[in-house]
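Quick notes on the structure that follows.
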Amino acid sequence: MTVALNELDTRFKYDVANEPGGEHINLCFACGLCTASCPVSDIDQRFNPRRIIRMVLLGMRKEVLSSDMIWFCIQCYSCQAHCPQEVDFSDIVKALREMAVREGYVAPTFVASVREIDVFCQRMRREMVNAVVGSRFEGGEVEPSALARESLSKL
Amino acid sequence: MDTKIAVFLCNCGGAIKNIDFEATRERISKIPGVTSVDLSSGLCFEEGKREMVSRIREEHPDRVVVAGCAPEFSECVFQQVLETAGLSGRSFSAANIREQCSWVHDGDVTGKAVELVKMAVSRVRLLRTLEKKELPVSREVLVVGGGFSAIGTALRLSRIGLPVTIAAVEEVLGATQDGVESFYRCDIDTMKSAVEGDRNIEVLTPARVTSAHGEAGDFAVTIEREGERIRRKYGAIVLATGFTTELSPVSVKGLPVVGGAGSPANIVSQEQLFRMLDNGATARKPETIAFLLDSCDENSRFPTLATLNNAIAARVKWGSEVYVFCKDVKVDSEGAEKLYREARGCGVVFVKCDSAPRLAIDDGRISIEARDVFLGADTIVDCDLLVAEEVLCPPEGTEALADMFNIRLDSRGFYQDENVHLYPVGFEKRGVFCVGGCRGDLEASRMANDIHSVAMMIYGLLSSGVIEAEIERVKADTQKCVACLTCIRVCPHSAIRLSRVDNGKEIAVISDVACDACGICAAICPAKAIVFEGYRDDQVLAQIEAIGES
Amino acid sequence: MKGRVIAFCCEHSAYPAADLAGRLRLHYSESLRIIRVPCAGRVDVIHMLKAFEKGARAVLVLGCEDGACHHITGNTRARERVEQCQVLLDEARLDGRSVAMHNISPNAPQKFVRIADELVNAKEQSREAI
Amino acid sequence: MSTPFREILKKEGFVVTTEVGPEKGSSVSKAIEHIELLKDKVHGLNVTDNQSSVMRYPSLGICLLIKEHGGEPVLQVTCRDRNRMAIQADLLFAHSRGVRNVLCLTGDSVDVGDHKEAKQVFDLDSVQLIHLVHTLNSARDIAGNELSGGTDFCVGTAASPSSDPIEPQLIKVEKKIKAGVDFIQTQAVYELDEIKRFTDFVRNMDEKVRILAGIVPIIGVKMAAYMNENVPGIVIPQRIIDELAEAPKGTGVAKGIEMSARMIRQLKEERVCDGVHIMFIGREERVPEILEAAGLV
Amino acid sequence: MIIAERKPMEEIEESVAEYKKVLVAGCGTCVTVCWAGGEKEVGILASQLRLARGAAGNEIVTLETTVERQCEKEMVTEIKDKVAEADAVLSLACGSGVQTMAELFDDKPVLPAVNTTFIGMPEREGLWVEMCGACGDCFLDRTGGVCPMVRCAKGLLNGPCGGTRKGGMCEIDPDKDCAWVLVHRRLEKQGRLDLMREYVTPKNFRAVRRPGKVQAAKA
């Protein structure tokens, strides 16, 4: 597939830059530290912060805002901590999500669902760690899926 | 009368432990010609040096050997001592019994130490002293070239009190930069008026250097200006002929040669774009502009700066969408990092592609296809204006000047070979220098550095009005030389020429000033006519003879 | 001087490298004798041949690294002469490999020691083989 | 008895010659085979003279055999091995035995042959050799002495129309024509235009000189590459190499024959030159196939 | 200038095999300039002989000298004492020098240590090329100053052979220019190509009938 740059929305990057959090998007020089430090990228390589920024800079508005990927970010701010150009990818994701809602790519309620999932995951994590933390001096085998089932029942 | 040799043994404050100095002294004193052997534990200390001077004054030796540390440290120290004591510095030889004996071997190495001293003694015995002379030099400097670096060098040299001639092929100074000063980031007008008001600077334009010979302090140069031949003497020559650019012949489907006749008007050079942006002389502002960078020439420091400046201006002034296709953005020039950030900040898109972009022209519209490595996909963009990649080239006449001054060019044809010993602005031929763009991919700030270092080197060479030289350190024997020209052809410093000597015979004459004492000529001479004092055949062979005598 | 190895050392490269080896207390064979020359290009074929006539076991010519010769072409000329000398030795039915040219930079004492040791060891082995 | 070559040259028709290469040894059986096979199919049989500086049975010897067998020999004479005295003596002998055609050549350098240490003579060059033959024809030797009987040779020479640069070659051809030649055989050529240009050049100087284009069948891509690389004065165009590359394995020789025949037909039909000289070294027995395919029999 | 090359060591060694004391004699003129027989080469050959013979346990003593011109009897006479001292003389001069020595010291074997190759000029440092064949019948005036007698591999006098390689190189050596292409270029540059069109008659080899002799006009 060849991307025809003239057919893309060259305003997109300026629009993102005008959103709160998206101000520094243009500064990206594609070093890739964001992707390298991202825990989500670690488990799903389709999630690639550098590529998302690249798509924004080239003007791939529809592709980015309709993409599943912008919802995978867990807002851990690891990318932001590593970025040498202060591009602030975590904040850019927030801006992109805002734009996706505003431009009708997702239902506003969807944002609330994602927020719910985030909170639930954190609680789940707390339960699971709680279950094993007692044996932390022995360091026994842990079976996360079994542990999850157990923790889920508690929740 | 036999040569009297004094030997000083030094244990370097006790740092030399595995040599029995008493035994050494005893064995050395038996060498014929050695008239005294002194022991010291700190010869290079003030007290040691004083002691040495007084011993030399007492003993009246003809030659002195110091056995101790590496001559790298001690040679000049002891040569001074000898001169204080009334001997020539050339009467000295060192035996390196510390770095090259005591410290590299275990156990008792007295035997080897004695051998090293014997080698030094056998060499020093054969040394001849040389006369030193101060040769008068011309303090005038010729600067060849008419651009920023030439004018800058002339001004700097004039400021430190050296008279300068500028010879440029252009009609007027600064012709290349005229009207595009800010493109080249130099203030040529101010510099030009400074030259006009400087009585120390003579400007010859349009002028061409047609012949040159001689050596540092004494170059005879012929300059031709409008049919007139000007012959002058110069003490030093500065080549500042700059560079030219060529649009790289990127292969384009349906296009003969980019930049050549018949190529579309919407393919422009950096300088053309700069002028368009500067005077606003474009009917319609281009919506999309593409730049090509470093796809066929890695040496793109200057083109990178031009690209960044022009890209920013195009975004800011015209609001065009700007794409830069490149392998890498090279930001090692002064201020380039800042410009690169500024360019990104204002929306210039850099497409990093791992192979050269493919171009196609259809009905005057240019499309560029390239693989964006970060997107992991091919991209294609149609543009209204393409800024072709520029490759820096040496200007016409570079080779002729190099031949004239006997200097070598680098692999791309610029001045300045890639040899670390030549320093950035010097040549194997003493007294000839180069500054600025003529030595390759340079931008303004580096040119300024060049100008300062050249001025400093020339000041060191000419300011006193004399060059001190040892007379006939390397010399061809009048009787033996058969004028075979071998030495002239091999001398890396072009210090040798054929000359008629007193008896009317033509022989190789080695310049005391230009000679850098490498001895290549002495080794290659098929008639064994060249004598290199200090490294004469008999002096080298005497050391070999002395090895293992004990 | 039976068994000595003579190294002609360029004063811009190998000679300071040898000094540095001393300062670092790196050890090499005691049979090595260094003769300082202003440039490897000064070393003449006859110097090498005479060294062998005097009984040297091996001869080394050490000059600056390629492209970094203080006198531009001195090291390449030295290499040509060493190669010529190898042929002359072979012609005289001596071992041409007893003479070798190496390029070395002044800050490479380890390389200096390695070159010296390699040649000394190689020659020792070949002597045993005979 | 065949028609004298000189008479054939005077007629309007298309002239065809080929070669018989002497063997390296005293046996002539193979040569006789070739003579018998070819003598009635072509107008003249060239016999090479220590070809490629490899010592062989002499050209003159085979020429006499051709006469015996009723063929028309063309004696090749090079300047490499004999001085002016030996060449004259050989020519007198050849003439006395009925050999009437001489091809005057420079000869290869001994460096390419099998006697590399031999002294090469080159007392004369090919232009001087042509002069020499005419001197003998006028019953004198080249020292100016009168002969008890002169000769009556038909004189030919060779030329390389594909040489680069061509100008020095053409100057030499000009000198040869001025010296007097009846025919010129060319080095192997593959481009009609090239032969055309050469023919025009020669006819401009002397329209009586007949031009025989050299034909060397190319039987494989490797041979083409080798010849392009190593045989000076021969340029095999890419289209021939491409055509050969497409030929199925094992059909190289047949393809070479086919292409040569096509070329000969074109030369004849378009009257580009006056004839051809076919050199199929080592495959003389297949020359008739070419002639047949070219419609020359 | 006369160009020579040193003979292979094996050949030289064999020629002096039976002698214990040999005078190695260089010549200070042509062979010095072409790096074959000057003082430097004398030193190298002498040293090499000593090494070779020493290694074989058959020591040789060498004397070394260089005569300014070995082809001059008066100059060679100056070294007669050294010759007297030696069993044989190993001469690094051209054939002319060797013969002059041999004639003067006819009781001593005078042995050649170089092969005299041709009359030439240096193309660059260390590379000499043949220029003249000493034919005694110079016709450089007609060839633009390029001698086809020696610079053409076949010595052709009326133009190139048919074997000129692409770009005008010689049939037998792609590194050498075809002499006739050079002649053509030179004459074309001078607008004298007509000279090349003129027939050159067979060479007069009587011009130098061996042994050659030149008698100068009496002064």
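The values are calculated or read from the model by the stated rules, or taken from the named source; none is laboratory data. Everything numeric here is computed off the predicted structure, so don't read it as measured data. We place every Cβ from the backbone using ideal geometry, glycine too, and count neighbours over all the protein chains shown. Side chains included, ligands, DNA and RNA excluded: accessible areas come from the protein's heavy atoms. Shrake-Rupley method; radii C 1.70, N 1.55, O 1.52, S 1.80 Å.
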Unmet criterion (only one of (1) touching a residue at least 12 places away in the same chain (Cβ under 8 Å); (2) in a loop (DSSP other than H, G, I, E, B)) for A:Gly104: (1)
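Somewhere in the stretch B:517-534, is a residue among the acidic types (Asp, Glu), under 30 Å from E:Arg69 (Cβ atoms) and part of a loop (DSSP other than H, G, I, E, B)? Show your work before the answer.
First, the residues of the stretch B:517-534 that are among the acidic types (Asp, Glu): B:533.
Among the residues that remain, those that are also under 30 Å from E:Arg69 (Cβ atoms) are: B:533.
Subset that is part of a loop (DSSP other than H, G, I, E, B): B:533.
So far as the stretch B:517-534 goes, yes, one or more of its residues are among the acidic types (Asp, Glu), under 30 Å from E:Arg69 (Cβ atoms) and part of a loop (DSSP other than H, G, I, E, B).
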What do you reckon, is C:Glu30 facing chain B (nearest Cβ under 9 Å) and free of Cβ contacts under 8 Å to residues at least 12 places away in the same chain? yes
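Out of B:Gly397, B:Gly437, B:Gly431, report the one residue that is touching a residue at least 12 places away in the same chain (Cβ under 8 Å), at positive phi and either of a type in the set (Asp, Glu) or open to solvent by less than 20 Å² (accessible area, probe 1.4 Å) (or both). Steps first, answer last, please.
Details: B:Gly397 fails: either of a type in the set (Asp, Glu) or open to solvent by less than 20 Å² (accessible area, probe 1.4 Å) (or both); B:Gly437 fails: at positive phi.
Matching residue, one of B:Gly397, B:Gly437, B:Gly431: B:Gly431.
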Condition check for E:Lys218: out of contact with any helix residue (DSSP H, G or I) (no Cβ under 9 Å at 6 or more places or on another chain), within 14 Å of chain D (Cβ to nearest Cβ) and farther than 30 Å from E:Thr32 by Cα: no
Where the second residue is open to solvent by 10 Å² or more (accessible area, probe 1.4 Å) and the first is at positive phi and lies in the stretch B:95-115, which pairs have Cβ atoms under 7 Å and are six or more apart or on separate chains? B:Gly107/B:Asn18
Can you find even one residue in the stretch B:353-376 that is touching a Gly at 6+ places or on another chain (Cβ under 9 Å) and either closer than 30 Å to A:Phe47 by Cβ or at pLDDT 85 or above (or both)? yes
Any residue at all in the stretch A:53-69 that is among the aliphatic types (A, V, I, L, M), in a helix (DSSP H, G or I) and surrounded by fewer than 17 Cβ atoms within 10 Å (Cβ to Cβ)? no
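When residues of the stretch E:27-44 are filtered for being at the interface with chain C (Cβ under 9 Å from one of its Cβ atoms) and either small (Gly, Ala, Ser) or in contact with a Leu (Cβ under 7 Å, 6 or more places away or on another chain) (or both), how many remain?
Taking the stretch E:27-44 first, the residues at the interface with chain C (Cβ under 9 Å from one of its Cβ atoms) are E:40, E:43-44.
Imposing the further condition that a residue be either small (Gly, Ala, Ser) or in contact with a Leu (Cβ under 7 Å, 6 or more places away or on another chain) (or both) reduces the set to E:43-44.
Total meeting the criteria: 2.
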Tell me which residues, restricted to the stretch C:4-13, are in contact with a Lys or Arg (Cβ under 9 Å, 6 or more places away or on another chain) and either part of a helix (DSSP H, G or I) or more than 8 Å from chain B (Cβ to nearest Cβ) (or both). C:Val5, C:Ala7, C:Phe8, C:Cys9, C:Cys10, C:Glu11
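Looking at C:Arg81, C:Arg93, C:Arg77, can you tell me which residue is at positive phi, open to solvent by 10 Å² or more (accessible area, probe 1.4 Å) and either in contact with a helix residue (DSSP H, G or I) (Cβ under 8 Å, 6 or more places away or on another chain) or acidic (Asp, Glu) (or both)?
Numbers: C:Arg81 fails: at positive phi; C:Arg77 fails: at positive phi.
Result: C:Arg93 is the single residue among C:Arg81, C:Arg93, C:Arg77 that is at positive phi, open to solvent by 10 Å² or more (accessible area, probe 1.4 Å) and either in contact with a helix residue (DSSP H, G or I) (Cβ under 8 Å, 6 or more places away or on another chain) or acidic (Asp, Glu) (or both).
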Residue tally, condition closer than 23 Å to C:Glu91 by Cα, at pLDDT 95 or above and facing another protein chain (nearest Cβ under 9 Å), over the stretch E:55-88: 0
Please go through (1) polar (S, T, N, Q); (2) under 24 Å from the mean Cα position of the chain (by Cα); (3) surrounded by 15 or more Cβ atoms within 10 Å (Cβ to Cβ) for E:Thr77 and return the number of the only condition it doesn't satisfy. (3)
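Run down B:Glu470, B:Glu443, B:Glu418 and say which single residue is within 26 Å of B:Leu498 (Cβ to Cβ) and either open to solvent by 20 Å² or more (accessible area, probe 1.4 Å) or modelled with pLDDT under 95 (or both).
B:Glu470
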With the requirement that a residue be more than 30 Å from E:Lys7 (Cβ to Cβ), within 11 Å of another protein chain (Cβ to nearest Cβ) and either in contact with a Gly (Cβ under 7 Å, 6 or more places away or on another chain) or aromatic (Phe, Trp, Tyr) (or both), what does the stretch C:75-107 give you? C:Asn75
For the stretch E:123-141, state whether one or more residues are within 14 Å of chain D (Cβ to nearest Cβ), touching a helix residue (DSSP H, G or I) at 6+ places or on another chain (Cβ under 7 Å) and under 30 Å from B:Val490 (Cα atoms). yes
Anything in the stretch B:19-77 that is more than 40 Å from the chain's Cα centre (by Cα) and within 14 Å of chain C (Cβ to nearest Cβ)? List them, or say none. B:Ile19
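Just need a number here: residues in the stretch D:254-297 that are open to solvent by 30 Å² or more (accessible area, probe 1.4 Å) and hydrophobic (A, V, I, L, M, F, W, C).
Of all residues in the stretch D:254-297, those open to solvent by 30 Å² or more (accessible area, probe 1.4 Å) come to D:254-255, D:258, D:262, D:265-266, D:268-271, D:281-283, D:285-286, D:289, D:292-293, D:295-297.
The next check asks that each one be hydrophobic (A, V, I, L, M, F, W, C); those that pass are D:254, D:281, D:293, D:296-297.
So the answer is 5.
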Which residue is nearest to the other protein chains (Cβ to nearest Cβ), if the candidates are limited to the stretch A:24-45 and must be in a loop (DSSP other than H, G, I, E, B) and in contact (Cβ under 8 Å) with a residue 24 or more places away in the chain? A:Ala30
Going through the stretch D:193-216 in order, the residues found to be touching a residue at least 24 places away in the same chain (Cβ under 8 Å) and over 19 Å from the mean Cα position of the chain (by Cα) are D:Arg197, D:Phe201, D:Met205, D:Asp206
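Looking at B:Val509, B:Val513, B:Val501, B:Val490, which one is among the β-branched types (Val, Ile, Thr), more than 14 Å from chain C (Cβ to nearest Cβ), under 22 Å from the mean Cα position of the chain (by Cα) and surrounded by fewer than 23 Cβ atoms within 10 Å (Cβ to Cβ)?
On the way: B:Val509 fails: under 22 Å from the mean Cα position of the chain (by Cα); B:Val501 fails: under 22 Å from the mean Cα position of the chain (by Cα); B:Val490 fails: more than 14 Å from chain C (Cβ to nearest Cβ).
Matching residue, one of B:Val509, B:Val513, B:Val501, B:Val490: B:Val513.
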Checklist (1) of a type in the set (A, V, I, L, M, F, W, C); (2) over 20 Å from A:Pro108 (Cα atoms); (3) crowded, with 22+ Cβ neighbours inside 10 Å applied to A:Ala95, failing item: (2)
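Within the stretch D:35-53, which residues are open to solvent by 40 Å² or more (accessible area, probe 1.4 Å), in contact with a helix residue (DSSP H, G or I) (Cβ under 7 Å, 6 or more places away or on another chain) and closer than 18 Å to D:Pro288 by Cβ? Reasoning before the result, please.
Taking the stretch D:35-53 and keeping what is open to solvent by 40 Å² or more (accessible area, probe 1.4 Å), we get D:36-37, D:40-41, D:43, D:51-52.
This time we only want the ones that are in contact with a helix residue (DSSP H, G or I) (Cβ under 7 Å, 6 or more places away or on another chain), so: D:37, D:41, D:43, D:52.
Those that are open to solvent by 40 Å² or more (accessible area, probe 1.4 Å), in contact with a helix residue (DSSP H, G or I) (Cβ under 7 Å, 6 or more places away or on another chain) and closer than 18 Å to D:Pro288 by Cβ: D:Leu37, D:Lys41, D:His43.
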What are the pairs, 6+ residues apart or on separate chains, where a residue within the stretch B:331-347 that is over 22 Å from B:Ala448 (Cβ atoms) and within 12 Å of chain A (Cβ to nearest Cβ) has its Cβ under 6 Å from a residue that is open to solvent by less than 20 Å² (accessible area, probe 1.4 Å) and not hydrophobic (A, V, I, L, M, F, W, C)? B:Arg344/A:Asn26; B:Gly345/A:Asn26; B:Gly347/A:Asn26
Say we look at the stretch B:356-391 and pick out the residues that are of a type outside the set (A, V, I, L, M, F, W, C) and not in a strand (DSSP E or B); which of these is most open to solvent (accessible area, probe 1.4 Å)? B:Asp363
Report those helices (runs of 4 or more DSSP H) wholly inside the stretch B:100-207 carrying at least 1 residues which are open to solvent by less than 20 Å² (accessible area, probe 1.4 Å), of a type in the set (Asp, Glu) and within 14 Å of chain C (Cβ to nearest Cβ). B:110-125
